[in-house]
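Read the structure below first, then the notes.
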Amino acid sequence: MNPFKSKKGLGRGLSSLIGDVKKTTTNSKLSISEIVRSKLQPRKNFDKDNLEDLTNSIKERGVVQPIIVRKSKEINNKYEIIAGERRWLASQNAGLNEIPAVIIEADDLKSLEFAIVENVQRHDLNPIEEAYGYKRLMDEFGYDQEKVAKFIGKSRAHIANCLRLLSLPAKVIEFVEKNQLSQGHAKILVGLENSFLIAKKIIDKRLSVRQSENLVRLFKNPYKKKGSSKSANIRDLEDMLKDKLGIRVFINNKKNNKGLISFEYSDLDQLNRLIEIIKSNY
């Protein structure tokens with residue numbers, strides 16, 4: 001079994017990326033002390049419980065999959081981790097002196113690509129770390145959203161939604177990084193002036209995403225008149241369309257069964273996404 005084989009649904013797997021670079025050593029064993037963390041690593045936070053579970057697994061079975069490293073450009077006689085930092089940390093906790101490693105030649109772009117693909121495949125990144133990884137590909141290496149989406153194997157809408165999370169206030173971003181807010185919760189807070197206050201209410205009351213959406217509606221329209229509420233069927237239809245399209249949908253159904261459907265988009269990416277969906281169905 002190829003340990004670098006891509007999971008279904010992702011663009012380029014580690015096996016594909018490894019095919020693009022030159023291996024200088026395969027299945028080598030390196031001293032733990034020879035290895036240093038990479039500044040390109042998109043992942044900043046490691047769950048303590050998961051790290052402890054991996055440590056216990058390594059104590060029993062050793063390191064099953066080698067880490068991927070390159071020679072450090074900044075520190076002599078050191079190797080910089082490209083993929084596998086959690087295995088390296090757990091190996092230290094398990095008291096190992098050596099760790100299996102694949103040494104490759106890779107520039108900064110290839111190293112960042114490796115790190116992002118591995119972490120996305122393993123679902124190891126929180127939504128903010130994932131967004132910063134995509135942003136670095138765009139800011140430092142000239143990627144656009146379309147190229148990132150194709151490379152990662154995600155939709156352009158997914159990439160755009162991730163990047164929008166970075167526009168949230170720092171304290172709300174911190175809630176997401178600490179897993180106090182899910183990506184679904186965070187998405188509905190983007191663009192709100194009082195997002196921090198709403199985020200606090202969501203956390204304190206342990207609201208679901210659907211309950212949080214209702215809370216946001218109250219903040220957006222606190223003076224809604226009695227008697228103007230829509231039927232449950234219309235609200236369900238609005239919610240269904242929102243889930244399908246990724247943007248808010250409003251249906252104004254009149255007594256004669258005529259009415260108006262409107263869409264609320266927050267940027268041109270969402271508008272283009274809506275246009276593409278409409279075109280694809282006609």
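Below are the figures for this structure:
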{"item": "Residue in the stretch 272-281 that is surrounded by 11 or more Cβ atoms within 10 Å (Cβ to Cβ), under 22 Å from E146 (Cβ atoms), modelled with pLDDT of 80 or more and polar (S, T, N, Q) present", "result": "yes"}
{"item": "Matching residues in the stretch 87-117 - criterion: being of a type in the set (K, R) and in contact with a strand residue (DSSP E or B) (Cβ under 7 Å, 6 or more places away or on another chain)", "result": "R87"}
{"item": "Unmet requirement for E60, which otherwise passes all of (1) of a type in the set (D, E); (2) touching a residue at least 60 places away in the same chain (Cβ under 8 Å); (3) under 19 Å from K29 (Cα atoms)", "result": "(2)"}
{"item": "Scope the stretch 79-118; condition touching a Lys or Arg at 6+ places or on another chain (Cβ under 7 Å) and either aromatic (F, W, Y) or within 21 Å of K187 (Cα to Cα) (or both); matching residues", "result": "Y79"}
{"item": "Test: G84 is on the phi > 0 side of the Ramachandran plot and either in contact with a strand residue (DSSP E or B) (Cβ under 9 Å, 6 or more places away or on another chain) or acidic (D, E) (or both)", "result": "yes"}
{"item": "Residues located in the stretch 52-78, provided they are surrounded by 14 or more Cβ atoms within 10 Å (Cβ to Cβ) and either more than 23 Å from L109 (Cα to Cα) or in contact with a Leu (Cβ under 8 Å, 6 or more places away or on another chain) (or both)", "result": "L54, T55, S57, I58, K59, V63, I68, V69"}
{"item": "Unique residue being touching a residue at least 60 places away in the same chain (Cβ under 8 Å) and either over 13 Å from I128 (Cβ atoms) or surrounded by 15 or more Cβ atoms within 10 Å (Cβ to Cβ) (or both) when the list is N214, N161, N194", "result": "N161"}
{"item": "Tally of residues being assigned to a helix (DSSP H, G or I) and either of a type in the set (G, A, S) or under 23 Å from G62 (Cβ atoms) (or both) across the stretch 79-113", "result": "10"}
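So that you can scan it fast, the table gives a plain yes or no per residue for (1) among the hydroxyl-bearing types (S, T, Y); (2) at pLDDT 85 or above:
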| position | (1), (2) |
| --- | --- |
| I104 | no, yes |
| F114 | no, no |
| P127 | no, yes |
| Y132 | yes, yes |
| Q145 | no, yes |
| K150 | no, yes |
| R156 | no, yes |
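Yes/no matrix, rows are residues, columns are (1) modelled with pLDDT under 75; (2) of a type in the set (G, A, S); (3) within 20 Å of the chain's Cα centre (by Cα):
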site: S6; (1), (2), (3): yes, yes, yes
site: L14; (1), (2), (3): yes, no, yes
site: D20; (1), (2), (3): yes, no, no
site: S31; (1), (2), (3): no, yes, no
site: V36; (1), (2), (3): no, no, no
site: E60; (1), (2), (3): no, no, no
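The values are calculated or read from the model by the stated rules, or taken from the named source; none is laboratory data. Every value quoted in this text rests on a predicted model; they were computed, and no experiment measured them. Virtual Cβ from ideal backbone geometry, glycine too; neighbours counted across all protein chains shown.
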